[in-house]
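Just below is one structure, and these are the notes that go with it.
The values are calculated or read from the model by the stated rules, or taken from the named source; none is laboratory data. As the structure is a computational prediction, the values presented were derived from the model and not from experiment. Positions of Cβ are generated from backbone atoms using ideal geometry, with glycine treated the same way; all protein chains shown enter the neighbour counts.
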Amino acid sequence: MTEDHAEIIDLPGGVRTPPGELPALPPRRGDTGAPGNGAPEASPAGGRLHSERSLRDGPLIVCDNLVRIYKIADLEAVALQGLDLVVEAGEFIALVGASGSGKSTLMNILGGLDVQSAGRAVVAGHVLGEMGRRERTDYRRRVIGFVWQQTARNLVRYLTARQNVELPMLLNGIGRREREARASQLLARVGLGDRGDHRPERLSGGEQQRVAIAVALANQPAVLFADEPTGELDTVTAHEVFDLLRSVNHELGVTIVVVTHDPLVSEQVSRTILIRDGRTSSETLRRRALSEGGDHHVISEEYAVLDRVGRLQLPRAHVEALGLERRVRLALEPDHISVWPDRDRAGGSDSDDGAASPRGANDAGRRP
Ligand SMILES: Nc1ncnc2c1ncn2[C@@H]1O[C@H](COP(=O)(O)OP(=O)(O)O)[C@@H](O)[C@H]1O
Ligand SMILES: [Mg+2]
């Protein structure tokens, strides 16, 4: 296969397994594995997908002050304005944010499809802005997997589901026996063990996205990126696909970064990151806790993100509730910082709340 052809049909890739070392995928619950595929029965512990790089110390993904400016004629659109992000190996995080906030721009950079204008992004030891063409292709084929919103973009229309799953392995030079065995395991893993011979047009939207997940996992990527993978699906199917992503994360240990509009979906991951105006604006962390009655419940806490130079973005609702504009007053308290509207500027009288707000630097440490 020529390099150019490979480029055109380049599909998400992962880390190559040495010949003869078939990665053991854990069987799906209640699934005895596809008969006759010759694949060894996998133990869940031994079947974790991972790349060697993901086992290194340090976070798997680090974005430091990422900027992406699109230039169209004389106009500049700043899609990312100094975005910081850290993702640890094994995490499953959701990126949320209004349309146009920069989510896809970020995903395209992390997916090796676009390059930032400034700042630094490192994924599994690969410095994204510094990769040559060959390394970039390699990165996309071996280190990451990618699932798009458009089902048609994920799969080659004229290939069967099985051939689609085998394609990334073919591009990575994996032998036929191994490809077939792994494709069977992956199709079974995504619940489509009996649909391998169907072309995409004969699969439902949800099934196509399941195949797309199998394709993205074919080369055992360190990280799976998915940009609104359930955006074209109905709610029930979307949640089924999302459940699959969760079990893949849990059982195979693959790190997952998913962009979603679905608040229910984003509530099921341990960390949701809100992107606003091209920056990470807030993070919501969730953890399971035991109530006094012995019930498990989920505690969800929202944090503003502080960047390296101390900037933070106040939630829009907070800004609007207090009519904050342009300038605010800050006061350092023993264990927190208070923020007040700049009442002088807002034209309000200080006397109407019975207390003067702090006026000068010397007052900044006092409560108004
Ligand atoms: N290829 C492009 N050329 C010009 N502007 C773009 C391009 N891609 C995205 N943008 C702009 O960058 C901003 C962020 O877009 P995007 O990353 O697609 O947001 P999201 O995925 O959060 O909806 C938007 O203002 C969008 O119009
Ligand atoms: Mg988008």
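How many of the residues in the stretch 339-368 are at pLDDT 85 or above and farther than 23 Å from residue 274 by Cα?
3
Please enumerate the residues belonging to the stretch 90-112 that are of a type outside the set (A, V, I, L, M, F, W, C) and near ligand 1 (Cβ under 8 Å from one of its atoms).
Hits for the stretch 90-112 are 97, 99, 100, 101, 102, 103, 104, 105, 108.
For the stretch 217-238: of the residues being out of contact with any Pro (no Cβ under 9 Å at 6 or more places or on another chain), within 16 Å of ligand 2 (Cβ to nearest atom) and not in a loop (DSSP other than H, G, I, E, B), which is farthest from residue 161 (Cα to Cα)?
The selected residue is 227.
Report whether or not residue 90 is within 16 Å of ligand 2 (Cβ to nearest atom) and either of a type outside the set (Asp, Glu) or at pLDDT 95 or above (or both).
no
Take the conditions buried (at least 22 other Cβ atoms within 10 Å of the Cβ) and in the same structural domain as residue 211 (by the TED database) and apply them to residue 129. Does it pass?
Spelling it out, it is not the case that residue 129 is buried (at least 22 other Cβ atoms within 10 Å of the Cβ) and in the same structural domain as residue 211 (by the TED database).
Condition check: of a type in the set (Gly, Ala, Ser) and over 23 Å from residue 149 (Cβ atoms). Does residue 278 satisfy that?
no
Could you list, in sequence order, all residues of the stretch 239-271 that are within 28 Å of residue 316 (Cβ to Cβ) and touching a Pro at 6+ places or on another chain (Cβ under 9 Å)?
Residues satisfying the conditions are 242, 258, 259, 260.
Among the listed residues 269, 254, which satisfies the condition of being surrounded by 13 or more Cβ atoms within 10 Å (Cβ to Cβ) and in contact with a His (Cβ under 9 Å, 6 or more places away or on another chain)?
254 is the lone residue from the list that is surrounded by 13 or more Cβ atoms within 10 Å (Cβ to Cβ) and in contact with a His (Cβ under 9 Å, 6 or more places away or on another chain).
Examine the stretch 111-125 for a residue that is among the small types (Gly, Ala, Ser) and within 16 Å of ligand 2 (Cβ to nearest atom), and state whether such a residue exists.
Yes, the stretch 111-125 has at least one match.
Any residue in the stretch 82-89 that is in the same structural domain as residue 129 (by the TED database) and within 13 Å of ligand 1 (Cβ to nearest atom)?
yes
Is it the case that residue 175 is crowded, with 19+ Cβ neighbours inside 10 Å, modelled with pLDDT of 95 or more, farther than 25 Å from residue 247 by Cβ and assigned by the TED database to the domain that holds residue 242?
no
Is there a residue being within 18 Å of residue 104 (Cα to Cα) and within 16 Å of ligand 1 (Cβ to nearest atom) anywhere in the stretch 231-245?
Checking the stretch 231-245: at least one residue is within 18 Å of residue 104 (Cα to Cα) and within 16 Å of ligand 1 (Cβ to nearest atom).
Give the residue, chosen from 212, 188, that is small (Gly, Ala, Ser), within 18 Å of the chain's Cα centre (by Cα) and surrounded by 22 or more Cβ atoms within 10 Å (Cβ to Cβ).
Going through 212, 188 in turn, just one is small (Gly, Ala, Ser), within 18 Å of the chain's Cα centre (by Cα) and surrounded by 22 or more Cβ atoms within 10 Å (Cβ to Cβ): 212.
If residue 247 passes every condition in (1) crowded, with 22+ Cβ neighbours inside 10 Å; (2) modelled with pLDDT of 90 or more but one, which one does it miss?
So the condition that residue 247 fails would be (1).
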